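The structure under discussion appears below in the form of structure tokens.
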Amino acid sequence: MKKILDTNIIIRFLIWDDENLYKKSFEIFRQIENNEIEVVITEWVVLECLYVLEKFYEIPKLEVV
């Protein structure tokens, strides 16, 4: 069964601003990489990630892309 990957998991993995949350997100990505779990990333999650990285974390658009 596939799971939907949440925006927060992706952001925590990319930003690494909280060690505990980063470790949890890293473990999820490790499981994905090792085919232990299957995930779906919706278009809305991708758009939300882009928005959060640009607006909240003020990362330049070209870098986010």
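The values are calculated or read from the model by the stated rules, or taken from the named source; none is laboratory data. Small disclaimer: the values here were computed from a predicted structure and weren't measured. As a convention, Cβ positions derive from the backbone with ideal geometry for all residues, glycine included, and neighbour counts pool all protein chains shown. To get the accessible areas, we keep the full protein, side chains included, count just its heavy atoms, and leave off ligands, DNA and RNA. Shrake-Rupley method; radii C 1.70, N 1.55, O 1.52, S 1.80 Å.
Part of a helix (DSSP H, G or I) and either among the basic types (Lys, Arg) or surrounded by 10 or more Cβ atoms within 10 Å (Cβ to Cβ) (or both): does that describe residue 63? No; evaluated as a whole, the condition is false for this residue. Here is the figure for segment 31-55: residues that are in a helix (DSSP H, G or I) and either under 17 Å from residue 1 (Cα atoms) or at pLDDT below 95 (or both) total 3.
Taking the listed residues 15, 41, 37, 59, the one that is more than 10 Å from the chain's Cα centre (by Cα) and in contact (Cβ under 8 Å) with a residue 24 or more places away in the chain is 37, with no other qualifying.
Of all residues in segment 14-39, those satisfying the criterion of being open to solvent by 60 Å² or more (accessible area, probe 1.4 Å) and not acidic (Asp, Glu) are 14, 16, 20, 21, 23, 24, 26, 30, 34, 35. So in segment 1-12, with the set limited to residues that are surrounded by 15 or more Cβ atoms within 10 Å (Cβ to Cβ) and among the hydrophobic types (A, V, I, L, M, F, W, C), which one is nearest to the chain's Cα centre (by Cα)? So the residue we want is 10.
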